[in-house]
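For reference, the structure is listed below as structure tokens.
The values are calculated or read from the model by the stated rules, or taken from the named source; none is laboratory data. Please read all numbers here as calculations on a predicted model, not as lab measurements. Neighbour counts are summed over all protein chains in view; Cβ atoms, including those assigned to glycine, are modelled from backbone coordinates with ideal geometry. Side chains included, ligands, DNA and RNA excluded: accessible areas come from the protein's heavy atoms. Shrake-Rupley method; radii C 1.70, N 1.55, O 1.52, S 1.80 Å.
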Amino acid sequence: MLPNQLSEQQWKTFQEQGYVHLGKVDAVELAALQQRIDDIMMGTADIDYDRMMMQLDRADGPGSKPGPQSPGHKEASLNYRKIQDLEMDPLFLSYLQKPLYREICERAYGTQTDVACLRAMFMNKPSGLGSYLVWHQDRWTNLDRDPKITIWTALDPATKENGCVQVIPGSHDKLLNPDHGSGFLSDEMVEEVSKREDSIYLELEAGEVVLLHNWLLHTSDVNRSKQSRRAFSVCYMEAATVANNDATYPVVFGQGALTVA
Ligand SMILES: O=C(O)CCC(=O)C(=O)O
């Protein structure tokens, strides 16, 4: 079960390690989220597809590239790689507004701070597909302040074989390459980090949820198994955050927060 509040021990673990296990979504809710994302991929969901960024995975095996990231449904397929703007979907919105997640945001940003989501994103590694994501930290220099946290929910079992996230505990305390626009490292840094022996695989059961610090070094591999690796990842930040093109982001907690119609 997912609790409504984080324990002090969980918060301490998060602060020290840069990640912490939060618990498991109940089976009925998990089944609904799994069904919903499949409906969205198949094009049968009652949502405004033109407002959702959708990207198909590479169609023809290793070596080929994923499709473009652009608004709108592409084709009825479970082989999407990434779908963003899921805060527009009532089920995913209600999920990402759980009391537990609100409490975590209060700890990260203060009890009086309204919170927006930078991205509410489905990240999929379809069976036999998926992309290798090189070691990096999540950072966006186009924003006027740093989003600190991401809550990552496994919608399938996440294993070494299907490309679960791999992290280096405690690596969130500093940015390795602060000038890079989105937290990517130089080739030398990647080589050095890849050699470290203190990384761990975040193997999770379907429905398990982890809180990640955005600066935690992480990577994930392709999916070499028959099991898809679906996940829902939400990056929460201060609602006052502004991008250098003056964009602001959907508020999910506090004044003007999105509500489920
Ligand atoms: O879900 C994953 O495999 C990790 C995704 C990732 O690294 C990212 O979104 O920055």
Gaussian network model of the chain, springs between alpha carbon atoms under 10 Å - residue of 187, 57, 89 with greatest fluctuation: 187
Calculated from backbone phi, Karplus (6.51, -1.76, 1.60) coupling profile of region 88-101 in Hz, x at Gly/Pro: 7, 8, x, 5, 5, 4, 5, 5, 6, 9, 4, x, 4, 6
Amide H contacts of residue 252 (H built 1.01 Å from N, under 5 Å, at least 5 apart or other chain): 115, 116, 117, 258
Amide H partners (placed H, <5 Å) of residue 80, local residues excluded: 57
Accessible surface, region 53-132, averaged per residue in Å² (probe 1.4 Å): 40
Cross-link pairs beyond the 22 Å C-alpha cut-off, checked among 12/174; 148/195; 82/226: 148/195
3J(HN,Hα) from dihedral phi, region 181-190, Karplus parametrisation 6.51/-1.76/1.60, rounded to Hz, x for glycine, proline: x, 9, x, 6, 9, 6, 4, 5, 5, 4
Accessible-area composition of region 121-261, carbon plus sulfur, in percent [1.4 Å probe]: 48
Computed helical MRE - 222 nm, the chain, DSSP H runs ≥ 4 contributing -39500 (n - 2.57), nearest 500: -6000 deg cm²/dmol
Accessible carbon and sulfur surface of region 1-60 relative to its total accessible area, %, 1.4 Å: 49
Relative contact order of region 68-207, defined on C-alpha pairs under 8 angstrom at six or more residues apart (%): 26
Trypsin sites (Lys or Arg not before Pro) restricted to region 59-95 and DSSP loop, no more than 16 other C-beta within 10 Å: 74
